[in-house]
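The values are calculated or read from the model by the stated rules, or taken from the named source; none is laboratory data. Quantities reported herein were computed from a predicted structural model and do not represent experimental measurements. All Cβ positions, glycine included, derive from the backbone under ideal geometry; neighbour counts span all protein chains shown. Note: accessible area is taken over every heavy atom of the protein model, side chains too, but ligands, DNA and RNA are not part of it. Shrake-Rupley method; radii C 1.70, N 1.55, O 1.52, S 1.80 Å.
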Amino acid sequence: MKVQIVCLLLGLLSAVDLDFYQKHVIENMQPDECTTVMQTRHIKGLFGGCKKVNTFLLGAHQKVQDICAGISGQKIVNFNVVVCKHDDSSLHPNCIYAGQTLGLEIVVIRCKDGVPVHLDKTVQIG
């Protein structure tokens with residue numbers, strides 16, 4: 001029974017981990033790739049429709065892992081980001097996004113038990 005509970009908890013933690021990385025972390029992308037990336041990663045809004053805005057942290061996988069290692073709470077770090085905004089004239093499942101490279105931003109990431117769980121906000125530097 002204990003083994004089953006541990007396996008369940010590890011599965012839930014890895015699902016949360018993958019969810020954050022799936023939604024917000026990418027090695028490299030251009031703003032004109034927003035529609036393709038949002039569709040291939042199956043990123044949807046709260047009720048399954050088109051997500052209004054999504055922020056991608058560029059080249060950040062290891063950095064995010066290191067930031068959250070062993071902590072719970074918010075961490076403030078700098079990342080280069082691309083923001084994808086939904087074109088309101090498009091409807092699910094054919095969501096269209098316009099992207100913008102914002103460059104270096106202050107990013108607030110919420111970590112829980114060493115795992116990134118939410119990108120709380122981004123703030124422009126300078």
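Taking loop as defined by DSSP and a crowding limit of 15 other beta carbons within 10 Å, which chymotrypsin sites (Phe, Trp or Tyr not before Pro) in segment 11-108 fit? Walk me through the numbers before you get to the answer.
On the way: sites: F20, Y21, F47, F56, F79, Y97; in loops: F47.
Hits after loop and neighbour filter: F47.
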Tell me the label-point distance for the pair N78, V108, using the 7 Å Cα-to-Cβ offset, in nm and rounded to one decimal.
-> 1.9
For segment 20-126, which GluC sites (Glu not before Pro) are in a loop by DSSP, counting at most 12 other Cβ atoms within 10 Å?
-> E27
When only alpha-carbon atoms count, how far does segment 18-122 stretch along each of its three principal axes, as whole angstroms with the largest first?
-> 42, 28, 19
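Within the set of other residues whose C-beta is less than 11 Å from the C-beta of Q100, count the net charge using Lys and Arg as +1 and Asp and Glu as -1.
Its environment carries a net charge of 0.
Can you pull the percent of segment 18-122's accessible area that's carbon plus sulfur, 1.4 Å probe, other chains left in place? Each step should come with its number before you reach the end.
Working: 3050 of 5880 Å².
Roughly 52 percent, rounded to a whole number.
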